[in-house]
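Participant: Okay, here's the structure, questions in a sec.
Bear in mind these aren't lab numbers, they're just calculated from the coordinates by the rules spelled out. Only a predicted model underlies this, so the values are computations on that prediction, with no experimental measurement involved. Cβ placement follows ideal geometry from the backbone for every residue including glycine, while neighbour counts extend to all protein chains displayed.
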Amino acid sequence: MTGKILGIVILVCALVAGAAIPSERGDLGLRVQAHGKHYFTDKTPFTALEQLERAKQSVAQTGLKWYVYFSERLHVEGAVMAGKLIDEGRIGRVLQVVNLAPHRLNKPSRPAWFFKRAQYGGILCDIGSHQIEQFLFFCGAQDATVTHAAVANYNNPQYPELEDFGEANLVADNGCANYFRVDWFTPDGLPTWGDGRLFVLGTEGYIELRKYIDIAGRPGGEHLFLVDQKGIQYINCQDVPLPYASQLIDDILNRTETAMTQAHCFLAMELALKAEAMAERIGYLEI
């Protein structure tokens, strides 16, 4: 217990956490690192490529870390288990990752900045960054290219700058393919905020993950289905340990990168920003 308390004390002294308006998170991180602290922020940490470039320069000059909490993988027990199964070779070489990530809009509870594109960054930059980070992680990519991206405002004409739908395709440097869809169309009848689904196809099998709910099926979340050469297996992942927080503390104490490398973090955001910048405007309403 003494070691854990000491680690937390050192963490508090060494790191500053922030959750400002997305467009302001980059400048906040620069100020934090200018004062000699590591920076920890929610996604999306940037809304423009220029902010990312300044962050890279700050990290290079200070030697400090710029941590981003990609919670749709780091705080999902099923995603942790999926990574473990892939590492064990249960589905062979990963060929494709598909992410479907609907979210509930909850318009009455949203602040004004949520509907201003310059402040939230666009749907591919925002919740799309989660999906790109997962793709890079599960297929072990060091780089990737965005081959297609599109966004739309299908159902919110009163908020013309809101993107309520987005999709993109990517190809990794190792040949792995990716498709993801993000949207704000979770119906009120679903008893959770979204129905996140992950599909990982490998040469020897595949994984399907129902992160938050198994509709009309098993109660709760964290449902993983594995199909491999041995058969079909269901895994309840609710009790799988989440290693990120302890790894983060160890990384700060020991100057390591076990929780997430800085290169991986920045690459995920670079691709998300590029996808948003190149996205075709589709659907009924032009933004």
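Participant: How many Å³ per residue does the convex hull of the Cα positions in segment 1-152 occupy?
Facilitator: Spelled out: Cα convex hull of segment 1-152, divided by residues, is 170 Å³.
Participant: Measuring from centroid to centroid over Cα atoms, what is the spacing of segment 166-242 and segment 26-47 in Å?
Facilitator: One Cα centre to the other: 31 Å.
Participant: What full-extension length gain, to one decimal in nm, is calculated for residue 143 and residue 35 as 0.36 nm per residue of separation minus the Cα-Cα distance?
Facilitator: Between residue 143 and residue 35, full extension yields an extra 35.7 nm.
Participant: In this model, which of 107/274; 56/107; 37/107; 230/274; 56/211 are farther than 29 Å apart at the alpha-carbon?
Facilitator: 56/107; 37/107; 230/274; 56/211
Participant: On full extension of the chain, what length is gained from residue 13 through residue 107, given 0.36 nm per residue of separation minus the C-alpha to C-alpha distance?
Facilitator: On the way: separation 94, 0.36 × 94 = 33.84 nm, distance 3.73 nm.
Extra length from residue 13 to residue 107 when fully extended: 30.1 nm.
Participant: Over segment 191-241, what number does the Rg to Rh ratio reach, with both radii from the alpha-carbon atoms and Rh per Kirkwood?
Facilitator: Values: Rg = 11.6 Å, Rh = 11.6 Å.
Checking Rg against Rh, the ratio lands at 0.99.
Participant: Rounded, prolate or oblate: pick one for segment 138-194, where a ≥ b ≥ c are the square roots of the eigenvalues of its C-alpha gyration tensor, a/c under 1.5 means rounded, and failing that, prolate if a/b is larger than b/c, else oblate.
Facilitator: In terms of gyration-tensor shape, oblate.
Participant: Another question, if that's okay. Run through the DSSP bridge list for the chain and note the antiparallel percent, rounded to the nearest 5.
Facilitator: So the antiparallel bridges in the chain amount to around 70 percent.
Participant: Let me ask something else about it. Each label point is 7 Å from the Cα along the Cα-to-Cβ direction; what then is the distance between the points at residue 246 and residue 48, in nm?
Facilitator: It works out to 4.2 nm between the two label points.
Participant: Right, something else. Semi-axes of the equivalent ellipsoid for the chain, please: Cα gyration tensor eigenvalues, times 5, square-rooted, ordered largest first, whole Å.
Facilitator: 28, 26, 19
Participant: First check a/c for segment 100-206, with a ≥ b ≥ c the square roots of the eigenvalues of its C-alpha gyration tensor; if it is under 1.5, answer rounded, and if not, answer prolate when a/b is larger than b/c or oblate otherwise. Mind showing how you got there, number by number?
Facilitator: Numbers: a/c = 2.66, a/b = 1.69, b/c = 1.57.
Because a/c hits 1.5 or more and a/b exceeds b/c, segment 100-206 counts as prolate.
Participant: Something else about it: Tell me which cysteines of the chain come out unpaired when the rule is another cysteine's Cβ under 4.7 Å.
Facilitator: For the chain, the answer is 13, 125, 237, 265, because their Cβ atoms have no other cysteine Cβ under 4.7 Å.
Participant: Sticking with this one: Relative to the present Cα-Cα distance, how much length would full extension add between residue 233 and residue 20 at 0.36 nm per residue of separation?
Facilitator: Gain on stretching residue 233 to residue 20: 72.5 nm.
Participant: Cα to Cα, under 17 Å, and not fewer than 8 places away if on the same chain: which aspartates and glutamates meet these conditions relative to residue 65?
Facilitator: Residue 65 reaches 27, 42, 53, 250, 251, 257, 270.
Participant: Another one. Springs between alpha-carbon atoms under 10 Å, Gaussian network over the chain: tell me which of 159, 69, 120 tops the mean-square fluctuations.
Facilitator: 159
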